[in-house]
Amino acid sequence: MINRAITAIHKKGEFKAKIALVLGSGLGNFVESLSNPTSIPFSEIPGFPISTVEGHSGEMVHGYLDDIPVLVNSGRVHFYEGYSLAEVVYPIRILKALGAESIVLTNAAGSIRKDYIPGDLMLIDRLLNLTGRSVYKGGKEPDSIFDNEILDNIRLIAKRAGINLKLGSYAGLNGPSYETPAEIRFLRLKKADAVGMSTVHESMAAFQAGLKVVGLSCLTNYAAGILDQALNHAEVMETGLRVRDDFARLLSELIRSQAF
């Protein structure tokens, strides 16, 4: 299936790069930064799962940032959409087969900390897989898949660019419903800083495939129980739109600096 997918993709263009990105809810505008873009809808790639969630355009894009080739999956699927874990991480395996050596996984997440406010960007330094499932083969998941030197480089680049980049841990749950206030209190005890419904399985699949992995969250809302108001996907999208230019600028700075 992977060979069939690669053949179909290459019929559209070169689609080869060492740097790959996966763009989460409302964060797809980064592709506008690329020159000479070529795109292929996920629906035209054999075996590729199709997102049903608003804010995921559902296409693979190859383009250049300055003279640096980049592969971008604009959108992703989630386990709660009815896909198997193998299908959820299949796009990661395709990016690896197209030559990716490093991958940046982005997402929209809820903030568990009151001092991490909606609109903040957060660099992930630790994953908490609370889905009850794992794609990691061969035993216990590693304590951390993120390289400390890469994390330090990214924070330095963000500081030089005048971008306020937080650092924290990301808890991945299954969804599709938002967490309850009681679950958020539990996550706080687990020292989670943000919570979402993606990224953990993709990160593990990428790490085991030998890719350097970077995780970035756009904190689009406070998690349940932090404020006395209901959560909704519209708020996620609105905050993503508000900060997407800073998010795209951060991605561009990281790629130009080749921090990973």
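None of the figures in this text is laboratory data; all of them are computed from the coordinates on show. Predicted model only: the values in this text are computed from it and were never measured. Methodologically, a virtual Cβ is constructed for each residue, glycine included, from the backbone with ideal geometry; neighbour enumeration extends over all protein chains shown.
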* Asked: Where does the chain land on the Kirkwood hydrodynamic radius, alpha-carbon pairs, in angstrom?
  -> 18.2
* Only Cα pairs under 8 Å and at least 6 apart count here; give the relative contact order of the stretch 10-107 as a rounded whole percent. => 40
* Using R₀ = 22 Å, calculate the FRET efficiency as 1/(1 + (r/R₀)^6) where r is the Cβ-Cβ separation of Lys191 and Leu167; round to 0.05. => 0.95
* **Bridge type composition, the chain - antiparallel percent by DSSP, nearest 5** => 35
* Pairs of Cα atoms under 8 Å, at least six residues apart: use those to get the relative contact order of the chain, whole percent. => 26
* To do: Give, as a single signed number, the net charge of other residues whose beta carbon lies under 13 Å from the beta carbon of Phe79, with Lys and Arg counted +1 and Asp and Glu -1.
  => -1
* **For Glu238, Glu183, order by how many other beta-carbon atoms lie within 10 Å, fewest first** => Glu238, Glu183
